[in-house]
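Engineer: I have a structure I would like to understand better, so I am pasting it below and will then ask my questions one at a time.
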Amino acid sequence: MIDRKNPEAGNNLTMVRAINQALEMEMKSDDSVILFGQDIGKNGGVFRVTEHLQEQFGKERVIDTPLAESAIAGMAYGLAFQGFRSVIEIQFLGFIFEAMDSVNQMARTSYRTGGTVKMPVVIRAPFGGGVGTPEFHPDSFEGLLAQFPGLKVVIPSSAIDAKGMMISAIRDDNPVVFLEHMLLYRSFREKVPEESYTIPLDQANIVHEGTDLTLVTYGAMVRKAVKIAEIAQEHGVSVEVIDLRVVAPIDYETIMTSVQKTQRLMVLQEAQRQAGVGHQVVSEMAQRAFYHLMAPIRFVSAPDTSFPFKQIESQWLPTDQEIIDAMFEVVQA
């Protein structure tokens, strides 16, 4: 187990560097791991996540492709049948639709072949608001991807999780969508263990313990939620913050255990109400935890409109005040 607060060894890494380190380690340990996508080789990717890897492993294992998401995903699908473990980059999640036919084929291959064919493909994509990118670039489509049976969908909120979950994703014999929030790439540093380690791709994480309210979230909202939970603590409200980490499959057992303790639940997501996975959590917990809840479940999200231009982005995304108001509304109900 990784001690998130006091790892025995490590160094201060951004999330970008943690992912880069995970890719490097897996490429060193397994010759079947290959990377390809737009600009990922010489330029190291638009966010430099794959920086220096082509220099180290050569152009045959870190491959610059044309601007053609359908070809990138299709090549990964075909190479999986040949025993390769591909890590592909869709330059921004908003452009995933060109690749969705192949992603859909990846998701159903295990069932179609009775489990005899492995499909070890990691689909990386940056996404998320707060950095002022125009439409298509910040779009959150994790809710859509989470509806494909056979896909795991991972959204780390920390450098520690990003490294461990990327290693787990590469080693997984089934397709994994690995979403990287752009706001988190370089906005903080963490002590990350230097050695290789894995984090399960089916477990949520309690990042702030509490007794009065369970707050479930993921992605960039995790760090915002922890900050607000600390403010609430000063006003006598104890909030337990759960980072889903993986939005498909969702770890309902961890949420249920927390709700049995707090008897109140709030769900927070950055995505539009209809676009994320928050509505799935609300629906499932309304059934599972009905007799434990002392107040209606509160759901905070962005509105169901297209992602706005940067001039009004900060008002469109869930604000601190909106989250605080909703939190106290649930606790006082």
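Engineer: Of the residues Glu253, Glu234, which is open to solvent by 10 Å² or more (accessible area, probe 1.4 Å), over 16 Å from the mean Cα position of the chain (by Cα), free of Cβ contacts under 8 Å to residues at least 24 places away in the same chain and closer than 21 Å to Val331 by Cβ?
Structural biologist: Glu234
Engineer: Return only the number of the condition from (1) buried (at least 24 other Cβ atoms within 10 Å of the Cβ); (2) under 17 Å from the mean Cα position of the chain (by Cα); (3) over 20 Å from Glu180 (Cβ atoms) that Leu244 does not satisfy.
Structural biologist: (3)
Engineer: Among the residues in the range 238-249, are any of a type in the set (S, T, N, Q), in contact with a Leu (Cβ under 9 Å, 6 or more places away or on another chain) and outside the structural domain of Gly143 (by the TED database)?
Structural biologist: Scanning the range 238-249, I find at least one residue that is of a type in the set (S, T, N, Q), in contact with a Leu (Cβ under 9 Å, 6 or more places away or on another chain) and outside the structural domain of Gly143 (by the TED database), so the answer is yes.
Engineer: Going by what's in this entry, would Pro303 be described as under 21 Å from the mean Cα position of the chain (by Cα) and not assigned by the TED database to the domain that holds Gly128?
Structural biologist: In short, yes.
Engineer: Return yes or no: is Thr14 surrounded by fewer than 21 Cβ atoms within 10 Å (Cβ to Cβ) and within 24 Å of the chain's Cα centre (by Cα)?
Structural biologist: yes
Engineer: Applying the selection to the range 41-63, what residues are closer than 15 Å to Tyr185 by Cβ and either free of Cβ contacts under 8 Å to residues at least 60 places away in the same chain or in contact with a strand residue (DSSP E or B) (Cβ under 7 Å, 6 or more places away or on another chain) (or both)?
Structural biologist: If the condition is that a residue be closer than 15 Å to Tyr185 by Cβ and either free of Cβ contacts under 8 Å to residues at least 60 places away in the same chain or in contact with a strand residue (DSSP E or B) (Cβ under 7 Å, 6 or more places away or on another chain) (or both), then Gly44, Gly45, Phe47, Arg48, Thr50, Glu51 are the ones that fit.
Engineer: Return the residues of the range 116-152 that are surrounded by fewer than 20 Cβ atoms within 10 Å (Cβ to Cβ) and either touching a Leu at 6+ places or on another chain (Cβ under 6 Å) or part of a strand (DSSP E or B) (or both); say none if nothing qualifies.
Structural biologist: Gly130, Val131
Engineer: Please go through the range 284-319 and pick out each residue that is modelled with pLDDT under 95 and outside any loop (DSSP other than H, G, I, E, B).
Structural biologist: Result: Ala302, Lys310, Gln311, Ile312, Glu313, Ser314, Gln315, Trp316.
Engineer: Would you check if there is a residue in the range 33-50 being under 21 Å from Phe148 (Cα atoms), modelled with pLDDT of 95 or more and surrounded by 15 or more Cβ atoms within 10 Å (Cβ to Cβ)?
Structural biologist: No; the residues of the range 33-50 include none that is under 21 Å from Phe148 (Cα atoms), modelled with pLDDT of 95 or more and surrounded by 15 or more Cβ atoms within 10 Å (Cβ to Cβ).
Engineer: May I pose another question? Does Leu201 satisfy the condition of being under 26 Å from Tyr77 (Cα atoms) and either in the same structural domain as Phe95 (by the TED database) or in contact with a Lys or Arg (Cβ under 6 Å, 6 or more places away or on another chain) (or both)?
Structural biologist: Here the answer is yes, as Leu201 does meet what is asked.
Engineer: Still on this structure, I have one more. Taking the stated definitions as given, is Val241 closer than 20 Å to Asp202 by Cβ, touching a Phe, Trp or Tyr at 6+ places or on another chain (Cβ under 9 Å) and at pLDDT 95 or above?
Structural biologist: no
Engineer: Right, next: Which one of these is among the aliphatic types (A, V, I, L, M) and assigned to a helix (DSSP H, G or I): Val267, Val281?
Structural biologist: After ruling out the rest, the residue left standing is Val281.
The values are calculated or read from the model by the stated rules, or taken from the named source; none is laboratory data. The model shown is predicted, which means the values in this text are computed figures rather than measured ones. Glycine also receives a Cβ, built like all others from the backbone with ideal geometry; neighbour counts cover every protein chain displayed. When the accessible area is computed, the model is the full protein with side chains, heavy atoms only, and any ligands, DNA or RNA have been set aside. Shrake-Rupley method; radii C 1.70, N 1.55, O 1.52, S 1.80 Å.
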